[in-house]
1. Over the C-alpha atoms of segment 66-114, what are the Rg and the largest Cα-to-Cα span, Dmax, in Å?
2. How much of TYR306 can a 1.4 Å solvent probe reach, expressed as accessible area in Å² and rounded to 10?
3. In whole percent, what relative contact order does the chain give with Cα contacts below 8 Å and a gap of six or more residues?
4. May I ask you to derive the relative contact order of segment 192-344, considering only C-alpha pairs under 8 Å and at least 6 residues apart, and to give it as an integer percent?
5. After finding the eigenvalues of the alpha carbon gyration tensor for segment 211-285, what semi-axes result from the square roots of 5 times each, listed largest first in whole Å?
6. Report the full-extension gain for the segment GLU75 to LYS183: residue separation times 0.36 nm, less the Cα-Cα distance, to one decimal in nm.
7. Mind listing the long-range amide H neighbours of LEU165? Cut-off is under 5 Å, sequence gap 5 or more, other chains count too, H placed in the peptide plane at 1.01 Å from N.
8. Report, as a whole number in µm² per second, the diffusion coefficient that Stokes-Einstein gives for segment 204-359 at 10 °C and 1.306 mPa s using the Kirkwood radius over alpha carbon pairs.
Amino acid sequence: MFAAVILVLSAFIVLSSAGPYRSVEPLPADIVDMHCHIAGIGAGNSGCFISPALRDNWRFRFYLRAYGLSQSELEEKGDNLLADRIAELLAQSKLVKKAVVLALDGVVGKDGMLDRDRTEIYVPNEFVADAVARHKNLLFGASVNPYRKDAVERLTRVKAQGAVLVKWIPSIMEIDPADPRLKPFYLKLVELNLPLLSHAGEERSFTSTSDSFCDPDRLRLPLRLGVKVIAAHIASTGKYHGERSTDRLARLMREYPNLYSDISSLTQINKHGYLKEALTRPEFKNRLLYGSDFPLINTALVSPWYYALRLSPRQLLTISHTTNPWDADVLLKHGLGTPADIFSRSRQIPGKDPGVTFD
(Lines give C-alpha, C1' and ligand atoms only; values in the text may rest on other atoms or scores of the structure.)
Protein backbone atom coordinates (compact mmCIF):
# COMPACT_ATOMS: atom_id res chain seq x y z
CA MET A 1 0.00 0.00 0.00
CA PHE A 2 2.77 2.40 0.96
CA ALA A 3 4.63 1.60 -2.28
CA ALA A 4 1.51 2.32 -4.31
CA VAL A 5 1.08 5.72 -2.64
CA ILE A 6 4.72 6.58 -3.34
CA LEU A 7 4.26 5.54 -6.98
CA VAL A 8 1.16 7.73 -7.40
CA LEU A 9 2.88 10.71 -5.75
CA SER A 10 5.95 10.28 -7.93
CA ALA A 11 3.83 10.16 -11.07
CA PHE A 12 1.99 13.29 -9.97
CA ILE A 13 5.25 15.15 -9.37
CA VAL A 14 6.57 14.17 -12.80
CA LEU A 15 3.36 15.20 -14.54
CA SER A 16 3.11 18.41 -12.54
CA SER A 17 6.49 19.48 -13.82
CA ALA A 18 5.53 18.78 -17.45
CA GLY A 19 5.17 22.49 -18.15
CA PRO A 20 4.18 24.12 -21.45
CA TYR A 21 4.62 22.40 -24.80
CA ARG A 22 7.22 25.01 -25.79
CA SER A 23 9.06 27.77 -24.01
CA VAL A 24 6.82 30.78 -23.42
CA GLU A 25 7.60 33.91 -25.47
CA PRO A 26 6.40 37.49 -24.99
CA LEU A 27 2.97 38.19 -26.47
CA PRO A 28 2.80 40.57 -29.45
CA ALA A 29 0.42 43.52 -29.46
CA ASP A 30 -2.77 43.93 -31.48
CA ILE A 31 -3.59 40.26 -32.05
CA VAL A 32 -6.14 39.39 -34.74
CA ASP A 33 -8.51 36.45 -34.34
CA MET A 34 -8.97 35.03 -37.84
CA HIS A 35 -11.68 32.48 -36.94
CA CYS A 36 -14.79 33.96 -35.28
CA HIS A 37 -18.32 32.70 -35.96
CA ILE A 38 -21.55 34.64 -36.17
CA ALA A 39 -25.08 33.47 -36.96
CA GLY A 40 -28.69 34.55 -36.73
CA ILE A 41 -32.27 33.32 -36.71
CA GLY A 42 -33.57 35.69 -39.40
CA ALA A 43 -34.76 38.35 -36.95
CA GLY A 44 -34.75 41.92 -38.19
CA ASN A 45 -34.70 40.81 -41.84
CA SER A 46 -31.07 39.73 -41.48
CA GLY A 47 -31.37 37.04 -44.12
CA CYS A 48 -29.81 34.51 -41.74
CA PHE A 49 -31.30 31.05 -41.51
CA ILE A 50 -31.12 28.08 -39.12
CA SER A 51 -32.86 24.86 -40.10
CA PRO A 52 -35.70 23.46 -37.98
CA ALA A 53 -33.55 20.40 -37.28
CA LEU A 54 -30.78 22.50 -35.75
CA ARG A 55 -33.17 24.79 -33.87
CA ASP A 56 -34.78 21.73 -32.26
CA ASN A 57 -31.36 20.35 -31.34
CA TRP A 58 -29.57 20.92 -28.01
CA ARG A 59 -26.73 22.61 -29.94
CA PHE A 60 -28.92 25.63 -30.71
CA ARG A 61 -29.45 26.48 -27.04
CA PHE A 62 -25.79 25.74 -26.33
CA TYR A 63 -24.67 28.26 -28.96
CA LEU A 64 -27.08 30.94 -27.74
CA ARG A 65 -25.65 30.65 -24.23
CA ALA A 66 -22.14 30.87 -25.65
CA TYR A 67 -23.02 34.16 -27.34
CA GLY A 68 -24.60 35.40 -24.12
CA LEU A 69 -27.97 36.00 -25.76
CA SER A 70 -31.44 34.52 -25.67
CA GLN A 71 -33.77 33.74 -28.54
CA SER A 72 -36.28 36.25 -27.24
CA GLU A 73 -33.64 39.02 -27.29
CA LEU A 74 -32.85 38.29 -30.93
CA GLU A 75 -36.52 38.16 -31.86
CA GLU A 76 -37.10 41.53 -30.17
CA LYS A 77 -33.99 43.40 -31.29
CA GLY A 78 -32.90 41.54 -34.41
CA ASP A 79 -29.84 39.51 -35.38
CA ASN A 80 -27.68 42.64 -35.53
CA LEU A 81 -27.63 42.43 -31.74
CA LEU A 82 -25.33 39.42 -32.06
CA ALA A 83 -22.78 41.34 -34.12
CA ASP A 84 -23.01 44.22 -31.65
CA ARG A 85 -22.36 41.83 -28.76
CA ILE A 86 -19.31 40.33 -30.47
CA ALA A 87 -17.87 43.77 -31.20
CA GLU A 88 -18.55 44.92 -27.64
CA LEU A 89 -16.87 41.90 -26.07
CA LEU A 90 -13.93 42.22 -28.43
CA ALA A 91 -13.53 45.91 -27.59
CA GLN A 92 -13.14 44.92 -23.94
CA SER A 93 -10.25 42.56 -24.74
CA LYS A 94 -6.81 43.70 -23.66
CA LEU A 95 -5.02 41.34 -26.04
CA VAL A 96 -7.08 40.88 -29.20
CA LYS A 97 -7.72 43.96 -31.35
CA LYS A 98 -9.79 42.60 -34.24
CA ALA A 99 -11.59 39.46 -35.37
CA VAL A 100 -12.50 38.05 -38.76
CA VAL A 101 -16.23 37.35 -38.55
CA LEU A 102 -17.28 34.52 -40.85
CA ALA A 103 -20.25 34.36 -43.17
CA LEU A 104 -21.43 30.88 -44.15
CA ASP A 105 -23.11 30.09 -47.45
CA GLY A 106 -25.60 27.25 -47.74
CA VAL A 107 -26.12 24.21 -49.94
CA VAL A 108 -26.60 24.97 -53.62
CA GLY A 109 -28.89 22.94 -55.85
CA LYS A 110 -28.45 21.84 -59.47
CA ASP A 111 -30.04 25.12 -60.56
CA GLY A 112 -27.14 27.05 -59.00
CA MET A 113 -29.36 28.60 -56.35
CA LEU A 114 -29.49 28.31 -52.56
CA ASP A 115 -31.36 25.17 -51.46
CA ARG A 116 -32.86 26.07 -48.07
CA ASP A 117 -34.32 22.60 -47.55
CA ARG A 118 -30.81 21.09 -47.52
CA THR A 119 -29.13 23.99 -45.69
CA GLU A 120 -28.64 23.73 -41.94
CA ILE A 121 -27.25 27.21 -41.34
CA TYR A 122 -26.94 30.23 -43.60
CA VAL A 123 -25.14 33.48 -42.77
CA PRO A 124 -25.26 35.77 -45.82
CA ASN A 125 -22.34 37.91 -46.87
CA GLU A 126 -24.52 41.01 -46.77
CA PHE A 127 -25.28 40.48 -43.09
CA VAL A 128 -21.60 40.16 -42.17
CA ALA A 129 -20.49 42.99 -44.45
CA ASP A 130 -23.04 45.26 -42.77
CA ALA A 131 -21.78 44.26 -39.31
CA VAL A 132 -18.19 45.00 -40.34
CA ALA A 133 -19.21 48.39 -41.71
CA ARG A 134 -20.71 49.25 -38.33
CA HIS A 135 -17.83 47.98 -36.19
CA LYS A 136 -14.21 48.87 -36.87
CA ASN A 137 -12.89 45.94 -34.84
CA LEU A 138 -14.61 43.36 -37.06
CA LEU A 139 -13.22 42.11 -40.38
CA PHE A 140 -15.17 40.52 -43.23
CA GLY A 141 -14.81 36.77 -43.73
CA ALA A 142 -16.97 36.02 -46.78
CA SER A 143 -18.48 32.70 -47.84
CA VAL A 144 -19.36 31.67 -51.38
CA ASN A 145 -20.49 28.19 -52.39
CA PRO A 146 -18.61 27.60 -55.66
CA TYR A 147 -21.61 25.76 -57.14
CA ARG A 148 -23.63 28.99 -57.29
CA LYS A 149 -24.24 29.99 -60.90
CA ASP A 150 -22.73 33.41 -60.17
CA ALA A 151 -19.99 32.20 -57.79
CA VAL A 152 -17.11 33.95 -59.60
CA GLU A 153 -19.02 37.23 -59.73
CA ARG A 154 -19.79 36.91 -56.03
CA LEU A 155 -16.06 36.64 -55.28
CA THR A 156 -15.45 39.92 -57.08
CA ARG A 157 -18.29 41.50 -55.11
CA VAL A 158 -17.12 40.40 -51.66
CA LYS A 159 -13.57 41.45 -52.44
CA ALA A 160 -14.86 44.92 -53.25
CA GLN A 161 -16.73 44.89 -49.94
CA GLY A 162 -13.46 44.28 -48.09
CA ALA A 163 -13.46 40.51 -47.61
CA VAL A 164 -10.14 39.21 -46.29
CA LEU A 165 -10.82 35.51 -46.90
CA VAL A 166 -13.48 33.03 -48.02
CA LYS A 167 -14.86 30.47 -45.57
CA TRP A 168 -16.12 26.94 -46.31
CA ILE A 169 -17.39 24.05 -44.26
CA PRO A 170 -17.53 21.53 -47.12
CA SER A 171 -19.28 18.83 -45.09
CA ILE A 172 -22.41 20.93 -44.50
CA MET A 173 -22.23 23.05 -47.67
CA GLU A 174 -21.93 19.88 -49.79
CA ILE A 175 -18.80 21.10 -51.57
CA ASP A 176 -16.24 18.70 -52.98
CA PRO A 177 -12.97 20.71 -52.98
CA ALA A 178 -11.48 18.19 -55.46
CA ASP A 179 -14.20 18.78 -58.07
CA PRO A 180 -12.44 19.86 -61.32
CA ARG A 181 -15.47 22.03 -62.18
CA LEU A 182 -14.30 24.43 -59.45
CA LYS A 183 -11.12 25.41 -61.31
CA PRO A 184 -12.46 28.83 -62.48
CA PHE A 185 -13.49 29.61 -58.91
CA TYR A 186 -10.04 28.74 -57.58
CA LEU A 187 -8.30 30.79 -60.26
CA LYS A 188 -10.45 33.76 -59.28
CA LEU A 189 -9.40 33.34 -55.65
CA VAL A 190 -5.78 33.48 -56.81
CA GLU A 191 -6.44 36.56 -58.94
CA LEU A 192 -8.16 38.35 -56.05
CA ASN A 193 -5.57 37.13 -53.52
CA LEU A 194 -8.33 35.77 -51.28
CA PRO A 195 -7.30 32.88 -49.03
CA LEU A 196 -9.66 29.95 -48.61
CA LEU A 197 -10.36 29.02 -44.98
CA SER A 198 -11.80 25.52 -45.21
CA HIS A 199 -12.80 23.21 -42.38
CA ALA A 200 -10.79 20.00 -42.41
CA GLY A 201 -11.39 16.82 -40.42
CA GLU A 202 -14.59 15.65 -38.80
CA GLU A 203 -17.31 18.19 -38.09
CA ARG A 204 -19.58 17.63 -35.08
CA SER A 205 -21.09 21.08 -34.54
CA PHE A 206 -24.14 20.32 -36.66
CA THR A 207 -26.84 17.66 -36.81
CA SER A 208 -25.76 16.14 -40.14
CA THR A 209 -22.49 16.21 -42.11
CA SER A 210 -20.79 14.62 -45.12
CA ASP A 211 -17.33 14.25 -43.58
CA SER A 212 -15.72 12.80 -46.70
CA PHE A 213 -15.66 16.31 -48.20
CA CYS A 214 -13.41 17.47 -45.32
CA ASP A 215 -10.59 15.05 -46.09
CA PRO A 216 -7.51 17.33 -46.23
CA ASP A 217 -6.30 15.45 -49.30
CA ARG A 218 -9.26 16.85 -51.26
CA LEU A 219 -7.60 20.28 -51.03
CA ARG A 220 -4.89 19.30 -53.51
CA LEU A 221 -6.65 20.93 -56.47
CA PRO A 222 -6.83 24.48 -55.07
CA LEU A 223 -3.33 24.11 -53.68
CA ARG A 224 -1.95 23.05 -57.08
CA LEU A 225 -3.65 26.06 -58.66
CA GLY A 226 -1.94 28.42 -56.20
CA VAL A 227 -4.79 29.20 -53.79
CA LYS A 228 -3.67 30.15 -50.29
CA VAL A 229 -5.51 27.54 -48.26
CA ILE A 230 -6.00 27.59 -44.49
CA ALA A 231 -7.12 24.13 -43.38
CA ALA A 232 -8.82 24.89 -40.08
CA HIS A 233 -7.97 23.30 -36.71
CA ILE A 234 -4.96 21.33 -38.13
CA ALA A 235 -7.68 18.96 -39.42
CA SER A 236 -8.13 17.70 -35.87
CA THR A 237 -10.21 14.56 -35.28
CA GLY A 238 -11.25 11.92 -37.77
CA LYS A 239 -9.64 9.40 -40.10
CA TYR A 240 -9.68 9.02 -43.85
CA HIS A 241 -8.73 5.76 -45.51
CA GLY A 242 -7.39 4.55 -42.17
CA GLU A 243 -5.08 7.55 -41.69
CA ARG A 244 -5.48 10.33 -39.13
CA SER A 245 -6.77 13.52 -40.68
CA THR A 246 -3.99 15.56 -39.07
CA ASP A 247 -1.34 13.23 -40.51
CA ARG A 248 -2.81 13.72 -43.97
CA LEU A 249 -2.66 17.48 -43.51
CA ALA A 250 0.94 17.32 -42.26
CA ARG A 251 1.96 15.45 -45.41
CA LEU A 252 0.36 18.15 -47.55
CA MET A 253 2.28 20.79 -45.58
CA ARG A 254 5.51 19.23 -46.84
CA GLU A 255 4.29 19.43 -50.43
CA TYR A 256 2.61 22.86 -50.65
CA PRO A 257 4.13 26.09 -49.28
CA ASN A 258 0.78 27.85 -49.82
CA LEU A 259 -0.96 25.66 -47.20
CA TYR A 260 -1.60 26.98 -43.69
CA SER A 261 -3.70 26.06 -40.67
CA ASP A 262 -4.99 27.66 -37.49
CA ILE A 263 -5.06 26.75 -33.81
CA SER A 264 -8.74 27.55 -33.27
CA SER A 265 -10.60 25.01 -31.09
CA LEU A 266 -7.41 23.15 -30.18
CA THR A 267 -7.75 23.73 -26.42
CA GLN A 268 -11.24 22.17 -26.31
CA ILE A 269 -11.50 19.14 -24.05
CA ASN A 270 -12.58 16.98 -27.00
CA LYS A 271 -9.36 17.93 -28.81
CA HIS A 272 -6.93 17.47 -25.95
CA GLY A 273 -3.41 16.92 -27.26
CA TYR A 274 -3.89 18.60 -30.63
CA LEU A 275 -2.36 21.92 -29.58
CA LYS A 276 0.79 20.09 -28.51
CA GLU A 277 0.89 18.42 -31.91
CA ALA A 278 0.41 21.73 -33.69
CA LEU A 279 3.20 23.41 -31.75
CA THR A 280 5.75 20.59 -31.90
CA ARG A 281 5.37 18.87 -35.28
CA PRO A 282 7.94 20.28 -37.72
CA GLU A 283 5.45 20.23 -40.61
CA PHE A 284 3.44 23.00 -38.97
CA LYS A 285 6.35 25.34 -38.27
CA ASN A 286 5.71 28.81 -39.75
CA ARG A 287 2.30 27.64 -41.05
CA LEU A 288 -0.02 28.36 -38.11
CA LEU A 289 -2.26 31.32 -37.32
CA TYR A 290 -4.16 32.35 -34.24
CA GLY A 291 -7.90 31.76 -34.24
CA SER A 292 -10.35 31.37 -31.38
CA ASP A 293 -13.40 29.58 -32.87
CA PHE A 294 -15.58 31.99 -30.88
CA PRO A 295 -18.17 31.42 -29.40
CA LEU A 296 -16.94 27.93 -28.41
CA ILE A 297 -14.16 29.46 -26.31
CA ASN A 298 -16.98 30.86 -24.18
CA THR A 299 -18.23 27.41 -23.13
CA ALA A 300 -17.30 24.57 -20.79
CA LEU A 301 -15.48 22.94 -23.71
CA VAL A 302 -12.51 25.17 -22.83
CA SER A 303 -10.97 25.59 -19.39
CA PRO A 304 -7.44 26.11 -18.04
CA TRP A 305 -8.18 23.36 -15.50
CA TYR A 306 -8.05 20.79 -18.30
CA TYR A 307 -4.34 21.71 -18.45
CA ALA A 308 -3.67 21.89 -14.73
CA LEU A 309 -0.51 19.82 -15.10
CA ARG A 310 0.87 22.14 -17.78
CA LEU A 311 0.20 25.51 -16.13
CA SER A 312 1.48 27.06 -12.93
CA PRO A 313 -0.96 27.70 -10.07
CA ARG A 314 -0.71 31.43 -10.77
CA GLN A 315 -1.55 30.89 -14.45
CA LEU A 316 -4.51 28.69 -13.55
CA LEU A 317 -5.95 31.32 -11.23
CA THR A 318 -5.27 34.21 -13.61
CA ILE A 319 -6.87 32.54 -16.61
CA SER A 320 -9.83 31.13 -14.69
CA HIS A 321 -10.58 34.63 -13.34
CA THR A 322 -10.25 36.30 -16.75
CA THR A 323 -13.79 37.15 -17.82
CA ASN A 324 -13.13 38.28 -21.39
CA PRO A 325 -13.27 35.16 -23.59
CA TRP A 326 -10.60 36.34 -26.04
CA ASP A 327 -8.16 37.27 -23.29
CA ALA A 328 -8.73 33.92 -21.57
CA ASP A 329 -8.20 32.08 -24.86
CA VAL A 330 -4.97 33.91 -25.66
CA LEU A 331 -3.61 33.50 -22.12
CA LEU A 332 -4.33 29.78 -22.16
CA LYS A 333 -2.74 29.16 -25.55
CA HIS A 334 0.17 31.44 -24.70
CA GLY A 335 0.70 29.72 -21.34
CA LEU A 336 0.85 26.36 -23.11
CA GLY A 337 3.67 27.64 -25.29
CA THR A 338 2.09 29.08 -28.43
CA PRO A 339 4.93 31.17 -29.90
CA ALA A 340 4.68 34.85 -30.75
CA ASP A 341 4.90 34.30 -34.51
CA ILE A 342 1.54 32.46 -34.55
CA PHE A 343 -0.21 35.40 -32.91
CA SER A 344 1.62 37.86 -35.19
CA ARG A 345 0.93 35.92 -38.39
CA SER A 346 -2.81 36.22 -37.85
CA ARG A 347 -2.42 39.99 -37.62
CA GLN A 348 -0.91 40.00 -41.10
CA ILE A 349 -3.78 38.14 -42.77
CA PRO A 350 -6.43 40.85 -43.11
CA GLY A 351 -4.39 43.00 -45.44
CA LYS A 352 -5.45 45.88 -47.62
CA ASP A 353 -4.73 46.03 -51.33
CA PRO A 354 -2.95 44.30 -52.98
CA GLY A 355 -4.44 41.67 -50.69
CA VAL A 356 -3.51 39.17 -48.04
CA THR A 357 0.06 38.32 -47.18
CA PHE A 358 1.65 35.64 -45.04
CA ASP A 359 5.04 37.33 -44.69
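The values are calculated or read from the model by the stated rules, or taken from the named source; none is laboratory data. What you see is a predicted model; the values in this text were computed from it and never measured. For neighbour counting, all protein chains shown are included, and Cβ atoms are generated from backbone atoms with ideal geometry for every residue, glycine included. Heavy atoms of the whole protein, side chains included, go into the accessibility calculation; ligands, DNA and RNA do not. Shrake-Rupley method; radii C 1.70, N 1.55, O 1.52, S 1.80 Å.
1. 15.2, 47
2. Looks like 80 Å² after rounding.
3. 21 percent.
4. Worked out over segment 192-344, it gives 18 percent.
5. Each semi-axis is √(5λ); the values are 19, 14, 11 Å.
6. Stretched fully, the GLU75-LYS183 segment lengthens by 34.8 nm.
7. For LEU165, whose amide H was placed from the backbone, the distant partners under 5 Å are ALA142.
8. 96 µm²/s
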